[in-house]
Amino acid sequence: QVQLVESGGGWVQPGGSLRLSCAASGTIFSINAMAWLRQAPGKEREFVAAIYWSGDSTYYADSVKGRFTISRDNAKNTVSLQMNSLKPEDTAVYYCAGNRRFYNTKAAYEYWGQGTQVTVSS
């Protein structure tokens, strides 16, 4: 069993920054890929960024490239999402997710956190 718990959401003005964290516990050795996805009201859940527990590769949606940075801390079993230059259209519930094999840009992940709200408004 795998548990993913997000933290760090909140309200921020446009242009501001937030850092989200995802703490993984349980049988995390079974997870290879970790990702962040988000879902805005009335919209489908969409891919934001992904990283593997090993290696240096990271993957981003075009809409966040250059503004968001995904990183991991293997010692602490955490994955973070640093979000800079936030825009109102970044407002959504952000989910941490994991897969036993590969990342994907669909919402096809085996493990999910409960989500954390990010609101960008003035």
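The values are calculated or read from the model by the stated rules, or taken from the named source; none is laboratory data. Not measured: the values here are computed from a predicted model. Cβ sites come from the backbone with ideal geometry, for glycine too, and all protein chains shown count toward neighbours. When the accessible area is computed, the model is the full protein with side chains, heavy atoms only, and any ligands, DNA or RNA have been set aside. Shrake-Rupley method; radii C 1.70, N 1.55, O 1.52, S 1.80 Å.
Taking the range 59-75 as the region of interest, how many residues are in a loop (DSSP other than H, G, I, E, B) and modelled with pLDDT of 95 or more? Let's see the steps before the verdict.
Of the residues in the range 59-75, the ones in a loop (DSSP other than H, G, I, E, B) are 61-67, 74-75.
Next cut, modelled with pLDDT of 95 or more only: 61-67.
Of the residues in that region, 7 qualify.
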Next on the checklist: Testing residue 56 on (1) acidic (Asp, Glu); (2) in a loop (DSSP other than H, G, I, E, B); (3) at pLDDT 95 or above, one condition comes back false. Which one is that?
Outcome noted: (3)
Checklist outcome for this item: Selection over the range 8-33 where residues are closer than 10 Å to residue 120 by Cα and of a type in the set (Ser, Thr, Tyr) yields a count of 1
Checklist entry - Looking at the range 1-45, what strands (runs of 3 or more DSSP E) fall wholly within it and have at least 3 residues that are under 25 Å from residue 55 (Cα atoms) and open to solvent by less than 60 Å² (accessible area, probe 1.4 Å)? => result 2-7, 18-26, 33-39
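Take residue 95 and tell me if it is closer than 13 Å to residue 118 by Cα, aromatic (Phe, Trp, Tyr) and in contact with a Gly (Cβ under 9 Å, 6 or more places away or on another chain). So that I can check it myself, show each step before the final result.
Details: closer than 13 Å to residue 118 by Cα: yes; aromatic (Phe, Trp, Tyr): yes; in contact with a Gly (Cβ under 9 Å, 6 or more places away or on another chain): yes.
When the stated conditions are applied, residue 95 passes them.
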Checklist entry - Which pairs do you get when a residue that is on the phi > 0 side of the Ramachandran plot, found in the range 93-117, comes within reach of a residue that is of a type outside the set (D, E, K, R), reach meaning Cβ atoms under 6 angstrom, with the pair 6+ apart or on two chains? => result 115/93; 115/95
